[in-house]
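To start, the structure under review is shown below, and the notes come after it.
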Amino acid sequence: MDSPFETLGIDPDADEDELVDAYRRRVKSAHPDHGGSAEEFQAVRTAYEAIRAGYEPGDELEPVETDGRRPADEGASRNGQHDVGTARNGETGDGTGGAGSDTGPDPEPEPERRGARVEFLDYDVLTDHGWSLADDDLFEKAAESGLDGDAYGEVFVEPRTNLLKAAEDAGHSWPFACRGGACANCAVAVVEGDVKMPSNHILSEEMLEQGVRLSCISLPVTDDLQVVYNIEHLPGLDELRLPPQHARKMSAGD
Ligand code: FES
């Protein structure tokens with residue numbers, strides 16, 4: 001079995017930038033949409049998370065789940081990294097007391113989630129209408145504008161399901177590329193509500209504070225959300241994109 005370093009094609013003494021670069025390259029080529037396989041894709045993600053967690057030769061590798069979490073390690077890894085979440089008003093945190101809060105009493109256990117209702121809006125609509133992400137009545141205006149169902153609507157997100165997957169399951173085609181948190185193609189702006197990401201190695205602190213999240217690894221932590229998708233061309237995100245993929249909508253002939 002290849003070591004995590006061999007899986008990513010880097011030396012054991014590679015620095016953080018080399019690690020992230022290698023991961024972005026490998027997670028894309030390993031994806032089934034790019035000629036890889038589900039097993040290869042998971043192996044790349046497992047390798048990446050293992051190295052970030054301080055992998056040493058002989059350590060056991062814990063597979064990363066499809067939503068980006070390791071089974072017994074939701075929220076924190078051995079090198080002190082925590083889930084990255086968001087809240088309205090630019091507050092960042094993990095929804096249970098704040099990302100990176102290494103001291104103080106143990107956080108309350110998270111309640112069992114029953115899913116979330118997500119109201120979504122295509123960023124192209126904002127461009128067409130001259131609206132802004134900062135408009136307080138953005139979603140009210142969208143609801144009254146007779147937009148088609150791909151541009152504005154609602155999806156229900158089942159527990160342990162990420163936003164991108166929920167949208168695709170509902171028949172929508174949101175942008176994506178790596179599906180592994182390594183690009184900005186799937187970026188959304190969380191306008192209302194709260195999601196968490198198991199990790200973040202791409203988005204800047206400023207983006208996080210603006211509510212930008214990666215839909216492919218974002219799990220709702222509130223019952224209701226409002227998100228604007230298709231924001232990947234905004235300044236700061238555009239240069240983080242990989243060659244895009246779009247979810248293929250199933251037709252009767254598939
Ligand atoms: S598709 Fe690349 S981070 Fe989500």
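Every number in this text was worked out from the coordinates using simple rules, so none of it is lab data. These numbers were taken from a predicted model, which means no experiment stands behind them. Cβ placement follows ideal geometry from the backbone for every residue including glycine, while neighbour counts extend to all protein chains displayed.
What to note about this one:
- Within segment 218-245, tally of residues that are under 22 Å from Glu140 (Cβ atoms) and not polar (S, T, N, Q): 8
- Residue check, Pro243 touching an Asp or Glu at 6+ places or on another chain (Cβ under 9 Å) and within 16 Å of the ligand (Cβ to nearest atom): no
- Within segment 133-234, strands (runs of 3 or more DSSP E) holding 2 or more residues that are within 11 Å of the ligand (Cβ to nearest atom) and touching a strand residue (DSSP E or B) at 6+ places or on another chain (Cβ under 8 Å): 187-192, 212-214
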